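Take a look at the structure below.
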Amino acid sequence: MCYQFCKFLIMRFVYILSAVLCIASCAPQPHRGTIETPLYEVRNTDVIEVSRIDLTDSTTVLHIEARFTPHWWIKIVSSTFIADENGTKYPVVSAEGIELDKKFYMPDSGEAQFALTFPPMPAGVNSIDLIEGDEQGAFRIWGIRLDGKLPEIRMPKPVKLHEDETLPEIKREYGKATFKVKVLGYRPDYQKNTIYLKIYNLLSESIVRDYLSEDGTFQIEIPLVQTSSADFHFGGLQEPTTVFLEPGKTSECIINLRESCRRTSLFKDKRDEEPFIVFTGAHAALNQSFVDADMNQIYALAATMEVGDVTRSELAGYDMKQCIDRMIELAQNRMKVYYSSDLPLAVKDYYIMSECTNLLADLARAADKLAYVQTIEQGKSREDYTATLNEYTNERNNLITVDLVDAVNMPFATYTSGYHKVKEMFMLKPVEGVLESYPFMKTAKDFLEIADAFPMMRDIRMFKPLDKEQQTKLRQLPDVIRQYIEDANADLIAQIEKNKKIEGFGINETGEVTDEDLFASMIAPFRGKTILIDFWETWCGPCRHANKNMAPVKEELKDKEIVYIYIASVSSPEGTWEKMIADLKGVHYRLNERQSDYLKNAFGVEGVPTYLIVDSEGNICWKQIGFSGSETIKIELLKALGK
């Protein structure tokens, strides 16, 4: 009896011990050891990468490789932390090779190594994020894998273009094309998030610069009168790619941000390549062929022949015929490069047609370019320039032949940027006046059929509704084009009427002050407040885009002691300026040429838009040339308010 009871106790002990050991073996164990070139999902910087991780029971050490411009500085702040999948933060404990919160100047090589030490990672942590503080522009690397396994990304299968398929047939149809972008792996505080889209609509070239939503998506509807091309760019693309859009249809671009980061990684060869960009929807195969095109072969072929522009030294010694012959020769060389490549037929056709239309646009401007180089750049008078220009213009008009002009009448010509460069010649005055200056264009019958539409669209874009004479000409245009312009004009009139009812803006006069006192007099009434000064112009597309994007920030900060001052010059037509500023709450100045030049020189305004922030003491505490994003300006305004 005693023996059996002891046996029972022993068996029960063994069972319990086995269960404990089983539970222990099944429980997640902390990762320990060294991970070389750890996998990661995405990063917002090309400056730093993690080359190694040392995981011990007492520390987590991240070894960092830094690449940056020699003698420029980087900084790692003491608020740096790593975060696990559950959001638990582990603050940096120490740094080796770099001092926290201090500027570190890169050596001559532009390369440096340092290490950051953090607390140990507990069991169950398979992924960490490296977050270098909360400041705008801080380094961030997300999804650094401790288990060596990247999460699966599902991309649709690319649609391939048939090798003998060419560009789509042009069909006139008025409707809205929808273009969507979806970025897989996107993070809300990722900073390479600008969408750039330059649309070559038949009637008006337009540029869209916008930002992804927090979920990594973007969508826009674009009124078109026919199938149109556009230049599309997003951070990670080395250069813009061409996309085709169709009225009434949707095209979508899906981007794998993880692959974009891999391609710029120091350790890219140690990771498997993944699909990068896939197009779906209308013209998916064609759009895919452009983004997948191997342009390196074009660069290699181009290196074997002369393909550049006519040099200034050549222009200085050429007559008009020599100049035109040389421009044609170089354009033909560029076409030979595309002919010799193994690019898809549709891509070849597009680039060759682009060379044809660009050549015509360049030839039209050749007289002015040649005269300028041979007179103004040689220190000669304006009178010499005018006389030389007249002589070369007459020669040019006799030398440009019908076959060169036919470029704008050929199939697919309207898809190209060169077509729109030619179109610009017809935007400033009526067709009859343009043909007096460029008589060779009289043979461009298909082009001239709609040429009256070009100055109409220019006026509408400049906030000038069509007059009675233009409305008469409008009725003579093809129905699709007429409807498009009528709708655009109606939208403009409605916007102008809406602006008349808007309050919250004012026009200020500078008064009788010297140039030296001009700026002080403009900000003096707002002493004690933070001021955002915006140098802009009505004709500046990026300015108008920036103003639109700043509206939500102004609304968010409406209760703060902030004044918005908008400064334009006489290069902005007064009528257009008065109509546009009604939609811009703030204080407005339209300076004369002398005043504008003085302020721009004084503050180094090299282009528009340019922004200055003035603090409550009247000191300029921030300056930015170009629009860096509404969030950046908001942060800088809040900094100034906190002083």
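The values are calculated or read from the model by the stated rules, or taken from the named source; none is laboratory data. These numbers were taken from a predicted model, which means no experiment stands behind them. Note: ideal-geometry Cβ built from the backbone for every residue, glycine included; neighbour counts use all protein chains shown. Note: accessible area is taken over every heavy atom of the protein model, side chains too, but ligands, DNA and RNA are not part of it. Shrake-Rupley method; radii C 1.70, N 1.55, O 1.52, S 1.80 Å.
When the residues of the stretch 155-177 are filtered to those that are outside any loop (DSSP other than H, G, I, E, B) and surrounded by fewer than 18 Cβ atoms within 10 Å (Cβ to Cβ), the one that is nearest to the chain's Cα centre (by Cα) is LYS176.
The residues on offer are THR416, THR393, THR401, and the sole one that is in contact with a helix residue (DSSP H, G or I) (Cβ under 6 Å, 6 or more places away or on another chain) and surrounded by fewer than 20 Cβ atoms within 10 Å (Cβ to Cβ) is THR393. Residue-level check: of (1) over 23 Å from the mean Cα position of the chain (by Cα); (2) over 27 Å from ASP46 (Cα atoms); (3) surrounded by fewer than 21 Cβ atoms within 10 Å (Cβ to Cβ), PHE267 misses just (2). Looking across the stretch 125-139, just one residue is in a loop (DSSP other than H, G, I, E, B), closer than 19 Å to PRO151 by Cβ and open to solvent by 30 Å² or more (accessible area, probe 1.4 Å), and that is ASN126. If the condition is being part of a helix (DSSP H, G or I) and either among the basic types (Lys, Arg) or open to solvent by less than 40 Å² (accessible area, probe 1.4 Å) (or both), then the stretch 274-296 contributes ALA284, ALA285, LEU286, ASN287, GLN288, SER289, PHE290, VAL291. Across the stretch 376-386, the number of residues qualifying as open to solvent by less than 60 Å² (accessible area, probe 1.4 Å) and either at pLDDT 95 or above or assigned to a helix (DSSP H, G or I) (or both) comes to 2. Within the stretch 34-73, the residues that satisfy the criterion of being among the β-branched types (Val, Ile, Thr) and touching a residue at least 60 places away in the same chain (Cβ under 8 Å) are ILE35, THR37, VAL42, THR45, VAL47, ILE48, VAL50, ILE53, THR56, THR59, THR60. Scanning the stretch 536-565 for residues that are in a strand (DSSP E or B) and open to solvent by 10 Å² or more (accessible area, probe 1.4 Å), which turns out farthest from PHE463 (Cα to Cα)? Within the stretch 536-565, the match that is farthest from PHE463 (Cα to Cα) is ILE562. Residues in the stretch 80-96 that are part of a loop (DSSP other than H, G, I, E, B), open to solvent by less than 70 Å² (accessible area, probe 1.4 Å) and in contact (Cβ under 8 Å) with a residue 24 or more places away in the chain: THR80, VAL92.
When ILE565, ILE523, ILE496, ILE533 are screened for being in contact with a helix residue (DSSP H, G or I) (Cβ under 7 Å, 6 or more places away or on another chain) and either touching a residue at least 60 places away in the same chain (Cβ under 8 Å) or not β-branched (Val, Ile, Thr) (or both), only ILE496 passes.
From LYS501, LYS468, LYS473, LYS464, grab the single residue that is open to solvent by 80 Å² or more (accessible area, probe 1.4 Å) and either in contact with a strand residue (DSSP E or B) (Cβ under 7 Å, 6 or more places away or on another chain) or in contact (Cβ under 8 Å) with a residue 12 or more places away in the chain (or both). Unique residue meeting the criteria: LYS464.
Let's see how each residue does on (1) within 18 Å of PHE526 (Cα to Cα); (2) at pLDDT below 90; (3) part of a helix (DSSP H, G or I); (4) hydroxyl-bearing (Ser, Thr, Tyr):
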| site | (1), (2), (3), (4) |
| --- | --- |
| VAL587 | yes, no, no, no |
| ARG594 | no, yes, yes, no |
| ASN601 | no, yes, yes, no |
| VAL608 | no, no, no, no |
| LEU612 | yes, no, no, no |
| GLY618 | yes, yes, no, no |
| TRP622 | yes, no, no, no |
| SER628 | no, yes, no, yes |
| LYS634 | no, no, yes, no |
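The numbered conditions (1) surrounded by 16 or more Cβ atoms within 10 Å (Cβ to Cβ); (2) more than 28 Å from the chain's Cα centre (by Cα); (3) of a type in the set (A, V, I, L, M, F, W, C) are all true for ALA602 except (1). Only one entry of ILE74, ILE53 meets the criterion of being touching a Leu at 6+ places or on another chain (Cβ under 9 Å) and of a type in the set (A, V, I, L, M), and that entry is ILE53.
ASP147 fulfils the conditions (1) touching a residue at least 40 places away in the same chain (Cβ under 8 Å); (2) over 29 Å from PRO38 (Cβ atoms) except for a single criterion, (2). The stretch 186-258 holds strands (runs of 3 or more DSSP E) entirely within its bounds, and those carrying 1 or more residues that are open to solvent by less than 20 Å² (accessible area, probe 1.4 Å) and β-branched (Val, Ile, Thr) map to 194-200, 217-226, 241-245, 250-256. Restricting attention to the stretch 356-374, the residues being β-branched (Val, Ile, Thr) and either open to solvent by 40 Å² or more (accessible area, probe 1.4 Å) or in contact with a Leu (Cβ under 8 Å, 6 or more places away or on another chain) (or both) number 1. For ALA568, the criteria (1) crowded, with 16+ Cβ neighbours inside 10 Å; (2) assigned to a loop (DSSP other than H, G, I, E, B); (3) of a type outside the set (Lys, Arg) hold in every case but one, which is (2). Taken over the stretch 580-609, the criterion of being farther than 15 Å from GLU516 by Cα and among the hydrophobic types (A, V, I, L, M, F, W, C) is satisfied by MET580, ILE581, ALA582, LEU584, VAL587, VAL605, VAL608.
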